[in-house]
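Just below is one structure, and these are the notes that go with it.
The values are calculated or read from the model by the stated rules, or taken from the named source; none is laboratory data. Keep in mind the model is a prediction, meaning the values are calculated, not measured. Reconstructed Cβ throughout: ideal geometry from the backbone, glycine too, with neighbour counts over all protein chains shown.
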Amino acid sequence: MSIFGTILHKIFGVSPAAAAPGAAPATAPGAPGAPGAAPGAPGSVPSADAAKVDIVAVLDDLNEKNPETLDWRVSIVDLLKVLGIDSSLANRKALASELKYDGDTNDSAKMNIWLHEKVIAQVAANGGKVPGDLLAKK
């Protein structure tokens, strides 16, 4: 599974019960029975239940369980750590390549900002409920 596919699976694969009381568990994109494109393909559409997933509630819940103090709302490194995904520079460069980053991957600060904005935007595009203050202002 791609790195972005893993991100989607970790967000949409978590039961949205905490985010939306009484909601049915989500089917992750690419999971058995899930409609849409290949697993984790940017632009794939999760099930209708997954579209109800409030990513802030899911990520805040995971963050509370994490022993580190993380700011997933701002940092791609912290976002990956909250999801239990390797946040190494090599893995972030691989994610940047997967998401078609055309900047200099040796400028990790600029790449990290782009990655965070792109991942949040792609999660929203794949059906996640993302508040406007998390989406990049252009």
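Just a few scattered comments:
- Applying the criterion of being part of a helix (DSSP H, G or I) and in contact with a helix residue (DSSP H, G or I) (Cβ under 6 Å, 6 or more places away or on another chain) to the residues of segment 95-107, the residue that is surrounded by the most Cβ atoms within 10 Å (Cβ to Cβ) is L95.
- Residue in segment 121-136 that is out of contact with any Cys (no Cβ under 9 Å at 6 or more places or on another chain), modelled with pLDDT under 95, of a type in the set (D, E) and farther than 20 Å from H9 by Cα present: yes
- Residue in segment 45-55 that is crowded, with 19+ Cβ neighbours inside 10 Å, in a helix (DSSP H, G or I), at pLDDT below 95 and touching a helix residue (DSSP H, G or I) at 6+ places or on another chain (Cβ under 7 Å) present: yes
- Total residues in segment 63-117, condition within 12 Å of I7 (Cα to Cα) and touching a His at 6+ places or on another chain (Cβ under 8 Å): 2
- The residue pairs whose first member lies in segment 109-130 and is touching a residue at least 40 places away in the same chain (Cβ under 8 Å), whose second member is surrounded by fewer than 17 Cβ atoms within 10 Å (Cβ to Cβ) and part of a helix (DSSP H, G or I), and whose beta carbons are closer than 7 Å, counting only pairs six or more residues apart or on different chains, are G127/A51; V130/A124.
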